[in-house]
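I have a structure here, written as structure tokens, and I will follow up with some questions on it.
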Amino acid sequence: MLITAHSGAQKTKANGREYIEAVRNGWIVSDVFEVDVRYGRGRLYLAHFPSLFPRKKIPLEEALSVAKEKNVKINLDIKEHGIFEKVQELVLSLGMDEQIIYTGNVSPKDAKNLSAGVLYANVYPFCKGLRPVPEDAEALKKALEKHGKRVVGLNINYKWTEPRFYAAAAEAGLALSVYTVDDPIALEKLSCYSFSNLTTHDPREARKYFKEK
């Protein structure tokens, strides 16, 4: 199982210089680190919300270079529709296709053109008419398979479902990426289930429950 450091992990500023430097210098240690990606004024930049001054934000290329330097994966949470192609072009130009995990606003059409990295897709629009409930686990897996081999699983807020769904997903062979699990009690409860990825603001704490067991 992968542990992903959510942007702003270990009490740093989300998508900020402090966060990126904490990954670079080893203060934040995880299998994956997450950034939010937007586009404006001719550049891809890191931000959860649109910025009036995108050139003052950290460029995506810098975050990718840190992932390459540290040889860790990076989760690109795409925050806008219509920018996926630009993101993938940059990823391919850096030769980082094996280090990329996509989440967020990636459409089924984008998924068909996915030639770098893997995608944990949202239930909608990839699995229309289905919900993250135990009874739909097998159907969800089949729905995702229709979108190609690089669509490897479902991205889901752990609060949106119930533990029985995790067990049903494991039985159906449906890979899950769950977010954002910060509460130690929730981490302990979830540690008995099988996930492909878990995103948290506290990767150190998460490691206690998952990596050390």
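Restricting to DSSP H runs of at least four residues, report the calculated mean residue ellipticity at 222 nm for the chain, -39500 (n - 2.57) per run over all residues, nearest 500 deg cm²/dmol. Don't jump to the answer; show the numbers that get you there.
Details: 9 runs with 72 residues, N = 213.
Here the helix-only value at 222 nm equals -9000 deg cm²/dmol.
With the crude spin-label approximation of a point 7 Å out along Cα→Cβ, what separation in nm comes out for Lys56 versus Asp182?
Computed distance between label sites Lys56 and Asp182 equals 2.5 nm.
Helix check for the chain. Which DSSP H runs span at least 15 Å along their own axis by Cα, with a mean Kyte-Doolittle hydropathy no less than -0.5?
60-70
Under 16 Å between alpha carbons, and skipping anything fewer than 8 positions from Lys56 in its own chain: which aspartates and glutamates qualify?
Glu18, Asp36
Averaging over every viewing direction, what projected area does the convex hull of the Cα atoms of the chain cover, in nm²?
On the way: hull surface 44.8 nm².
Over every viewing direction, the Cα hull of the chain projects on average to 11.2 nm².
Something else: Any idea how far the Cα center of the range 91-130 sits from the one of the range 1-59, in Å?
19 Å
Also, quick follow-up: Test of understanding: ordering Ile74, Ile83 by Cβ neighbours within 10 Å, fewest first, what list do you get?
Taking fewest neighbouring Cβ atoms as first place, the list is Ile83, Ile74.
By how many nm would the segment from Ser65 to Ser191 lengthen if fully extended, with 0.36 nm per residue of separation less the alpha-carbon distance?
Length difference between fully extended and current span is 42.2 nm.
What's the extension gain from Glu171 to Met1 if we count 0.36 nm per residue and subtract their Cα-Cα distance?
59.6 nm
Pull up all non-local amide H partners of Gly40: gap of 5 or more, or a different chain, and H-to-H distance under 5 Å with H placed in the peptide plane.
Tyr45
Shifting gears a bit: Considering only Ala47, Ala139, Ala175, give the residue with the highest GNM mean-square fluctuation for the chain, with springs between Cα atoms whenever their separation is below 10 Å.
Comparing Ala47, Ala139, Ala175 in the GNM, the peak value goes to Ala139.
To continue, here is another question. Which shape class, rounded, prolate or oblate, goes with the range 23-111 when its Cα gyration tensor gives a ≥ b ≥ c as root eigenvalues, a/c under 1.5 marks rounded, and past that a/b bigger than b/c marks prolate?
Oblate, since a/c reaches 1.5 and b/c is not below a/b.
Any read-out appearing in this document is the output of simple, stated calculations on the displayed coordinates, not a laboratory observation. This structure is a prediction, so every number in the text was calculated from the model and none was measured. Glycine also receives a Cβ, built like all others from the backbone with ideal geometry; neighbour counts cover every protein chain displayed.
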